[in-house]
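Report on the following structure.
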Amino acid sequence: MNTNHINEEIIKQIRDGSEKAFSELYCYYYSYLNAIALYYLLDKDLCSEIVDDVFINVWFKRETLAYPIHYYLVRSVQNGCLNYIRSQRSQQNMLDIHKDQLLAHQESYIQSTPAPLQYVEMRQTEEEIRLAVNQLPLKCRKVFEEYFYAGKAADVIAEDMGLTVSTVRVQLKNATDRLKQALKHLLLFFIY
């Protein structure tokens, strides 16, 4: 590109507000600056926007223009491309952070919250267990409920019910054996 075409006189005219001189600068450099931007960004529309922004900036700061202007224009386009890349990287970083947070929240929600059908299945399973426990003989059921539901120790149950500790243990063994048999279809479910 022959930069002698845009001489010091044209820059002076632009500083003085000549739209004709500015138009000449624009027409002379527009394609060249677009080619530079396209080298960095590979997006024709984006490059045109950046070059237009450079020329708008030149017009608004025309009083401070200096000759030669070639390197100033090239550097302004490069800076525009860099600013765009940096803003995209910053936006992408923010999106990545929010995406990671959203995914972590979704993962936590899925792990901690049963699906509606799982809730129904759990309720049905609890009902089956309750029915099986109610089928135990009275003393066996009472020992089982005190031990597993109330969380009492075998010696406390023995004292409360007037039984020996060994009788409580035998009743617990009988209860678990009967429940294993009655709920064997659920045991496979819990193993897997």
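The values are calculated or read from the model by the stated rules, or taken from the named source; none is laboratory data. The shown structure was predicted, so the numbers you read here are calculated from the model rather than taken from an experiment. Don't worry about glycine lacking a Cβ; one is built from the backbone with ideal geometry, like all the others, and counts go over all protein chains shown. For the accessible areas, the whole protein counts, side chains as well, though only heavy atoms, and no ligand, DNA or RNA atoms are used. Shrake-Rupley method; radii C 1.70, N 1.55, O 1.52, S 1.80 Å.
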Does VAL77 satisfy the condition of being within 35 Å of the chain's Cα centre (by Cα), aliphatic (A, V, I, L, M) and at pLDDT 85 or above?
yes
With the requirement that a residue be hydrophobic (A, V, I, L, M, F, W, C) and either in contact with a Pro (Cβ under 8 Å, 6 or more places away or on another chain) or in a helix (DSSP H, G or I) (or both), what does segment 50-78 give you?
ILE50, VAL51, VAL54, PHE55, ILE56, VAL58, TRP59, PHE60, LEU73, VAL74, VAL77
If I filter segment 35-44 down to residues being under 36 Å from the mean Cα position of the chain (by Cα) and within 24 Å of ASN7 (Cα to Cα), which single residue comes out as surrounded by the most Cβ atoms within 10 Å (Cβ to Cβ)?
ALA37
What are the residues in segment 121-177 that are assigned to a loop (DSSP other than H, G, I, E, B) and either touching a residue at least 60 places away in the same chain (Cβ under 8 Å) or open to solvent by less than 80 Å² (accessible area, probe 1.4 Å) (or both), if any?
LEU136, PRO137, ALA150, GLY151, LYS152, ALA153, GLY162, LEU163, THR164
Residue among CYS47, CYS81, CYS27 that alone is in a helix (DSSP H, G or I) and loosely packed, with under 11 Cβ neighbours inside 10 Å:
CYS27
Would you be able to say whether some residue in segment 2-18 is outside any helix (DSSP H, G or I) and aliphatic (A, V, I, L, M)?
yes
Could you tell me which residue of segment 50-65 is nearest to the chain's Cα centre (by Cα), considering only residues that are open to solvent by less than 60 Å² (accessible area, probe 1.4 Å) and in contact (Cβ under 8 Å) with a residue 24 or more places away in the chain?
ILE50
Among all residue pairs at least 6 apart or on different chains, which show Cβ distances below 8 Å where the first residue, located in segment 30-47, is farther than 13 Å from VAL74 by Cβ and the second is assigned to a helix (DSSP H, G or I) and of a type in the set (Gly, Ala, Ser)?
LEU46/ALA37; CYS47/ALA37
